[in-house]
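K.L.:
Let me begin by handing over the structure; questions about it come next.
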């Protein structure tokens with residue numbers, strides 16, 4: 001019997017159980033056994049790099065959509081043919097931002113390196129009761145960066161100790177959230193030809209300044225990691241009034257006084273669309289079987305076992321199933337369709353890493369000196385941009 005190896009990230013016990021059930025069904029239908037490897041998040045990227053460098057590991061992997069180009073430039077992934085793509089998609093279309101994360105066009109040549117599998121997008125969670133107490137009309141309260149900041153200011157003035165909980169320690173999610181401010185203002189991080197740095201110029205710079213001015217509303221415990229922000233919204237006696245987070249918060253067990261007052265809306269600007277794609281490694285000797293596995297895992301029949309355990313649906317048919325056919329999840333569907341992914345360019349991985357490295361220091365400085373926030377942000381972004389431009393020219 002043909003055997004494949006398939007790696008996924010650790011999305012929890014229930015996700016692992018559902019995946020094992022799916023793979024057993026795949027074996028029953030196709031006569032192909034699949035050995036599942038679950039990779040913990042803290043070693044996720046090093047493990048993928050190990051697969052790439054040593055040409056040894058799974059045949060198929062779940063990969064974060066911002067990591068695709070790094071693996072392409074390591075010559076580690078196998079591109080997909082038009083026939084394979086048509087076979088996998090079965091005529092249905094993926095949401096455009098998710099699809100764009102899989103495709104490159106270099107020198108007039110278009111290549112597809114992955115198949116979208118799940119989506120991830122951030123939205124604004126807010127406490128309706130706390131907004132009401134502050135005399136804030138929730139309609140339009142977060143419609144623009146200016147309205148967002150004004151809402152937090154009024155919450156603070158009304159006595160809310162923590163108007164917003166945000167990642168301020170090292171996290172790429174912080175870069176992802178900030179992108180909505182940059183793109184919404186008409187700015188960008190790099191040029192289309194990947195030859196110029198843009199995040200320290202004009203509209204992008206002003207948008208990033210606006211984003212970091214939110215440091216004034218982080219409360220008495222402002223240094224938070226990814227895992228801390230959600231908890232700050234729903235746990236404890238002095239909850240944060242606003243949170244930028246993902247779909248899992250809807251399904252989190254919360255105190256009744258929080259649950260009944262939760263509201264959702266889209267981020268101001270244009271949200272970043274993340275998620276995970278499925279790739280075939282170049283070292284795989286079971287290509288046809290690997291394509292059949294991706295087709296099965298992307299099929300409508302597999303969706304109840306994939307979503308929401310591995311993310312959000314990235315095709316229309318997935319949104320007809322519970323729990324996605326509800327008003328709460330409609331916000332996520334709209335964001336997945338209206339947002340954008342980061343550019344598939346050889347420069348982007350470096351830019352994202354430098355910004356992710358910089359942002360904890362920026363947060364620490366503007367938290368300590370909030371009135372100097374704009375000056376601090378501009379100086380630091382100019383320094384990083386200058387070093388990146390030297391690397392490009394070199």
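Read-outs: derived from the displayed coordinates by stated rules, not from any lab. Since this is a predicted model, take the numbers as computed values, not measurements. Reconstructed Cβ throughout: ideal geometry from the backbone, glycine too, with neighbour counts over all protein chains shown.
K.L.:
Compute the helix-to-body angle for 202-212: its Cα long axis versus the longest principal axis of the chain, expressed 0 to 90° and rounded to tens.
P.N.:
Roughly 80 degrees, rounded to the nearest 10.
K.L.:
Continuing with the same structure: Using a 10 Å cut-off around each Cβ, can you sort 164, 190 from fewest to most neighbouring Cβ atoms?
P.N.:
Ranking 164, 190 by Cβ neighbours within 10 Å, fewest first, gives 190, 164.
K.L.:
Computed on alpha carbon atoms, what radius of gyration and Dmax characterise region 87-139, expressed in Å?
P.N.:
Just the Cα atoms of region 87-139 yield Rg and Dmax of 19.9, 57 Å.
K.L.:
Does region 64-167 come out rounded, prolate or oblate, given a ≥ b ≥ c as the square roots of the eigenvalues of its C-alpha gyration tensor, rounded meaning a/c under 1.5 and, failing that, prolate meaning a/b above b/c?
P.N.:
Cα axes put region 64-167 in the prolate bin.
K.L.:
Could you calculate, for region 115-261, the ratio of the Cα radius of gyration to the Kirkwood radius, expressed as Rg to Rh?
P.N.:
0.99
K.L.:
Could you check what % of the DSSP bridge pairs in region 1-133 are antiparallel, to the nearest 5?
P.N.:
The antiparallel proportion sits near 30 percent.
K.L.:
Using Cβ contacts closer than 10 Å as the measure, can you line up 309, 200 from fewest to most?
P.N.:
Final ranking by Cβ density, sparse to dense: 309, 200.
K.L.:
Let me ask another. Quick one: work out the % antiparallel among DSSP beta bridges in the chain, nearest 5.
P.N.:
70 percent
K.L.:
Could you tell me which of rounded, prolate or oblate describes region 248-311, using a ≥ b ≥ c as the square roots of the eigenvalues of the alpha-carbon gyration tensor, with rounded for a/c under 1.5 and, failing that, prolate when a/b is larger than b/c and oblate otherwise?
P.N.:
Taking the square roots of the gyration eigenvalues as a ≥ b ≥ c, region 248-311 is prolate.
K.L.:
OK, next. Given a Förster distance of 56 Å, report the FRET efficiency between residue 372 and residue 93 from their Cβ-Cβ distance, rounded to the nearest 0.05.
P.N.:
0.70
K.L.:
Return one number: the angle in degrees, 0 to 90 and rounded to the nearest 10, between the long axis of the Cα atoms of helix 145-157 and the longest principal axis of the Cα atoms of the chain.
P.N.:
The angle comes out at about 50 degrees.
K.L.:
How much length is gained on full extension from residue 109 to residue 379, taking 0.36 nm per residue of separation minus their Cα-Cα distance?
P.N.:
Result: 93.3 nm gained on full extension.
K.L.:
Another one. As a check on your grasp of the helix formula, calculate [θ] at 222 nm for the chain: sum -39500 (n - 2.57) over DSSP H runs of n ≥ 4, divide by the residue count, round to the nearest 500.
P.N.:
Here the helix-only value at 222 nm equals -13000 deg cm²/dmol.
K.L.:
Mark the label point 7 Å from the Cα of residue 56 along Cα→Cβ and return the residues of region 273-309 whose backbone N is within less than 16 Å of it.
P.N.:
Inside the label zone: 282-285.
K.L.:
Could you tell me which of rounded, prolate or oblate describes region 20-95, using a ≥ b ≥ c as the square roots of the eigenvalues of the alpha-carbon gyration tensor, with rounded for a/c under 1.5 and, failing that, prolate when a/b is larger than b/c and oblate otherwise?
P.N.:
Because a/c hits 1.5 or more and a/b fails to exceed b/c, region 20-95 counts as oblate.
K.L.:
Give me the Debye-computed log₁₀ of I(q)/I(0) at q = 0.11, 0.13, 0.25 Å⁻¹ for region 273-347, equal point scatterers on Cα only, no solvent, two decimals.
P.N.:
Treating every Cα as an identical point scatterer, log10 I(q)/I(0) equals -0.37, -0.51, -1.18.
K.L.:
Could you run the Debye sum over the Cα atoms of region 251-394, one equal point scatterer each and no solvent, and tell me log10 of I(q)/I(0) at q = 0.16, 0.17 Å⁻¹, two decimals?
P.N.:
Results for region 251-394 at q = 0.16, 0.17 Å⁻¹ read -1.11, -1.13.
K.L.:
Rounding to the nearest 10 and keeping the result within 0 to 90°, find how far the Cα-based axis of helix 172-184 lies from the longest principal axis of the chain.
P.N.:
Approximately 70 degrees, to the nearest ten.
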